[in-house]
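*Asks:* Quick one: the structure is below, and I'll ask about it shortly.
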Amino acid sequence: MNSVTLLVNGPGELWGWCRPLTRELKRRNKNVTIWILPCQFASGREGHAAMALGADEVKGPYSSANTLRAMNHHKTDGIIQLGGDLFFGRHMGQKGKVPLFCYTYGRKKGLEHCSGVFTAFESMARSISPNAAVVGDLVKEGILMDDGPSPWLDRQGLKLVLFPGSRPAIRAKALPYLMEVVSLLREQTGPLQVATLLSPFSKAEERETWCSAGLNPAMAGTGVVLKNADMALTQPGTNTLELMHMGIPALVAVPFAFLREIPISGLKGLIASLPVFGPAVKEKVLRWKANHRTSYLAWPNRLSQSQIMKEVVGELSSKDVVREISALWFDHEERRAQKIKLCQLSGRSIETPSKKLCDMIERLCSNE
């Protein structure tokens, strides 16, 4: 394949997966197009960020109908889908008569139509398909690409990283909540340094707002910020894998106060987007799912089938969150045990997954 098209949708796939894979493909002198699919989880700035990844061309996001129409005329030798509905990848592959490959953390409808399916860990492969190949976690490779100045000062005390979410609406809701958490935490833990990891897609004005609030928005990449951190307060998502690979103990919190800002997919998502009663429907759906969940939320917990990172879900006040963070900070043995378990899980990932993935795709193409 001389030209490769990468299909991505949400910010996690773009920054965590597409970034290292684009670099590896360019090392192999491939012509790379990043195509951003329609996504209800998007921040709205994925296109701007994708331009900085080194691809030869960036397309999208468009509406679903316009995406499909544009795909009818797109020329490529192969497709690697890194997120979103496989309907788009299958459509592009059928129109262009080219192979479709997929890298995924979980089962997707239509994987049986792919020329190859790849994932990060053995446990993921078992849940996806007997044919899924384990190539390692692209997120682990991505955080090694991060650079920038460290946000930490050379002094003692708790160094806490805040992950307020990838979407502007969630971050806006989280800002006053986290201000109160930090204020109360200083009373509990004494010396405290905070660094807030805003999305790489956030605007300069938003960073200024968080800076004015005293929450120290980090200008460096995630890998740099986490390098000397002690703990993190986070939401579920790809960020829990970043924390795992850096061995940072964390509290994973889902306060019900934020439920109306969390996007949901499918028919429920369409209903939730309706004015007036839509947000109430969304909150009801997410409350029910949270209260009846049968699996863990954080990726390290899901991979190990045990609660390594503590998860708290429900009507959580800032005082509740502070109580949990303080307990973990003062429990040195628990933090040490969590760090060891996270590093052990991270060690299960194959090194240089982008190279492994490209090597396997090239072998599959040469055998066709």
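Every number in this text was worked out from the coordinates using simple rules, so none of it is lab data. The model shown is predicted, which means the values in this text are computed figures rather than measured ones. Here the Cβ is made from the backbone with ideal geometry for all residues, glycine too, and neighbour counts use every protein chain on show.
*Asks:* Taking amide H positions as placed 1.01 Å from N in the peptide plane, with prolines and chain starts having none, which residues 5 or more places from A232, or on another chain, fall under 5 Å of its amide H?
*Replies:* Here the answer is V161, A250, L251, since their amide H atoms fall under 5 Å of that of A232.
*Asks:* If each residue of separation counts as 0.36 nm, what is the full-extension length gain between E334 and R27 once their alpha-carbon separation is subtracted?
*Replies:* Length gained, E334 through R27: 106.3 nm.
*Asks:* Kindly state, as a whole number, the per residue volume in cubic angstrom of the convex hull around the alpha carbon atoms of the chain.
*Replies:* Roughly 137 Å³ of hull volume per residue.
*Asks:* Let me ask something else. Just grab the label-to-label distance for S183 and K227, each label 7 Å out from Cα along the Cβ direction, in nm (one decimal).
*Replies:* The modelled label-to-label distance comes out at 3.4 nm.
*Asks:* Which parts of the stretch 102-121 would a label at Q94 reach, counting a residue when its backbone N lies under 13 Å from a point 7 Å out along Cα-to-Cβ?
*Replies:* 110, 113-114
*Asks:* Quick one: 3J(HN,Hα) in Hz for the stretch 353-364, Karplus 6.51/-1.76/1.60 with θ = phi - 60°, rounded, Gly and Pro as x.
*Replies:* These are the phi-based 3J(HN,Hα) values: x, 5, 5, 4, 5, 5, 4, 5, 5, 5, 5, 4 Hz.
*Asks:* Now for a separate question. Once you put a point 7 Å from the Cα of M360 and another 7 Å from the Cα of R293, both along the Cβ direction, what distance in nm separates them?
*Replies:* Taking the simple label geometry, M360 and R293 are separated by 2.8 nm.
*Asks:* Also, quick follow-up: When you count, for each residue, the other Cβ atoms within 10 Å and take the mean per peptide, how do 84-97, 53-66 rank with the highest first?
*Replies:* Result, highest mean first: 84-97, 53-66.
*Asks:* Could you tell me what percent of the DSSP beta bridges with both partners in the chain are antiparallel, to the nearest 5?
*Replies:* Bridges in the chain that DSSP calls antiparallel: roughly 0 percent.
*Asks:* Still on this model: First measure r as the distance between the Cβ atoms of K319 and H74, then evaluate 1/(1 + (r/R0)^6) with R0 = 51 Å and state the FRET efficiency to the nearest 0.05.
*Replies:* After rounding to 0.05, the efficiency reads 0.45.
*Asks:* Can you compute the FRET efficiency between Y62 and L192 using 1/(1 + (r/R0)^6), with r the Cβ-Cβ distance and R0 = 41 Å? Round to the nearest 0.05.
*Replies:* My answer for the efficiency is 0.35.
*Asks:* Past 23 Å, Cα to Cα: identify those pairs from K108/K203; K26/K59; K140/K356; K140/K339, in the order given.
*Replies:* K108/K203, as the Cα separations exceed 23 Å there.
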